[in-house]
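Q: Can you keep this structure in mind? I'll have questions shortly.
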Amino acid sequence: MKKLSLILAILSLVACGSSNKSTTNDKFVAENLTNYDAEDLNENYPDANMYEDSGLFEEGTVERAYTVMYPDTPDELHITWKTEGREEIFDIRFSENGKWKSAEGIKIGTPYEALKEINGEKISFYGFGWDYGGAVMWNDGKLENSKLRVFLAPDGEVADKFYGDRIIEASDEEIESLDLKVTSIMLVN
C-alpha cells in the first residue's frame, strides 16, 4: 500500500509539473491575448516594453489605436484596438521569427506543406507583389472558420505568373519549387 501511495504521489507531482510547463509556453500563443484589454496586457506582460500610438490601417482608410509589444526584438507583436480606450482587440499581427505562434502551432517560417497538414485540406494562396500578397485561403479545411490569417512568401526568384491580386493556379511541382514559408500571421478578433 505504501508503494502505491508513493507512486500516486510521484505521478501527481509529475502531472503538476507538466501543467505548469505548458502554461509558461502558452504565454506566446496569440489566441490567448484575444480577450485582453490594455490593462491585462500590462499586467501579464510586464517585460514587453510596450508602446502605444494611433495610426492609419486598412490601406490608410481607418485610424486605430495600437500597441506594440516587445518592439525591435524577434518577439515584436502588433495589436490594433477597436476603440481608443484599448478595451477590445481588433487584430493581432506578427512577422518576426520569435516565440509567438498560433494555437495550432503555426509560426513564422512554417512551410507550405506543414500548413496543408495542419489544415487537413489543400490550401490556396494569392499572388505576390501587392498589399495582401501570399494570403492563404483554407478551402474548407480545419482552419476555414478560424480567425487566423496567414501570409506566405517564396524563397528566391519568382516567375511573373505568381504575381498579382488573384488566387494562384499552379502545379504541385511549381508550388514546391517556390519554397513557400509563413512570413506574417494575423489573428482577427
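Q: Would you check if there is a residue in the range 103-120 being part of a loop (DSSP other than H, G, I, E, B), touching a Leu at 6+ places or on another chain (Cβ under 8 Å) and not polar (S, T, N, Q)?
A: There is at least one residue in the range 103-120 that is part of a loop (DSSP other than H, G, I, E, B), touching a Leu at 6+ places or on another chain (Cβ under 8 Å) and not polar (S, T, N, Q).
Q: Restricting to the range 48-76, count the residues that are free of Cβ contacts under 8 Å to residues at least 12 places away in the same chain and not hydrophobic (A, V, I, L, M, F, W, C).
A: 6
Q: May I ask you to list pairs of residues, at least six apart or on different chains, whose Cβ atoms are under 9 Å apart, with the first in the range 159-185 being closer than 25 Å to Glu96 by Cβ and the second being basic (Lys, Arg) and open to solvent by 30 Å² or more (accessible area, probe 1.4 Å)?
A: Hits for this filter: Val182/Lys107; Ser184/Arg93; Ser184/Arg149; Ile185/Arg93; Ile185/Lys101; Ile185/Lys107; Ile185/Arg149.
Q: Would you point out the residue of the range 125-144, among those that are at pLDDT 95 or above and open to solvent by 30 Å² or more (accessible area, probe 1.4 Å), that is nearest to Ile185 (Cα to Cα)?
A: Among those residues, the one meeting the criterion is Met137.
Q: Scan (1) within 30 Å of Glu176 (Cβ to Cβ); (2) in a helix (DSSP H, G or I); (3) open to solvent by 60 Å² or more (accessible area, probe 1.4 Å); (4) not hydroxyl-bearing (Ser, Thr, Tyr) for the single condition Asp26 breaks and write down its number.
A: The failed condition is (1).
Q: Then there's this: Is it the case, given these coordinates, that Val158 is in contact with a Leu (Cβ under 8 Å, 6 or more places away or on another chain) and either modelled with pLDDT of 95 or more or small (Gly, Ala, Ser) (or both)?
A: Criteria not met by Val158.
Q: Mind checking whether some residue in the range 157-172 is farther than 25 Å from Tyr36 by Cβ, among the basic types (Lys, Arg) and out of contact with any strand residue (DSSP E or B) (no Cβ under 9 Å at 6 or more places or on another chain)?
A: Yes.
Q: Within the group Asn25, Asn20, Asn49, which residue is of a type in the set (S, T, N, Q) and modelled with pLDDT of 95 or more?
A: Asn49
Q: Could you run through the range 125-162 and say how many residues are within 14 Å of Leu115 (Cα to Cα) and not in a loop (DSSP other than H, G, I, E, B)?
A: Matching residues across the range 125-162 total 10.
Q: Can you confirm whether Tyr36 is of a type in the set (Ser, Thr, Tyr), under 20 Å from Leu187 (Cα atoms), at pLDDT 85 or above and not in a strand (DSSP E or B)?
A: Here the answer is yes, as Tyr36 does meet what is asked.
Q: Mind checking which pairs have a first residue in the range 145-158 that is closer than 11 Å to Leu180 by Cβ and a second that is among the charged types (D, E, K, R) and buried (at least 17 other Cβ atoms within 10 Å of the Cβ), Cβ under 8 Å, 6 or more apart or different chains?
A: The qualifying pairs are Leu152/Lys181; Ala153/Lys181; Asp155/Lys181.
Q: Of all residues in the range 77-96, how many are in a strand (DSSP E or B), in contact (Cβ under 8 Å) with a residue 40 or more places away in the chain and open to solvent by 40 Å² or more (accessible area, probe 1.4 Å)?
A: Of the residues in the range 77-96, 2 are in a strand (DSSP E or B), in contact (Cβ under 8 Å) with a residue 40 or more places away in the chain and open to solvent by 40 Å² or more (accessible area, probe 1.4 Å).
Q: Still on this structure: Filter the range 41-66 for residues that are open to solvent by 50 Å² or more (accessible area, probe 1.4 Å) and not in a loop (DSSP other than H, G, I, E, B); which is farthest from Arg149 (Cα to Cα)?
A: Glu43
The values are calculated or read from the model by the stated rules, or taken from the named source; none is laboratory data. In this text the structure is predicted, and so the values were computed from the model without any measurement. In this analysis, Cβ positions are derived from the backbone assuming ideal geometry, glycine residues included, and neighbour counts consider all displayed protein chains. These accessible areas exclude ligands, DNA and RNA; they are computed on the full protein's heavy atoms, side chains included. Shrake-Rupley method; radii C 1.70, N 1.55, O 1.52, S 1.80 Å.
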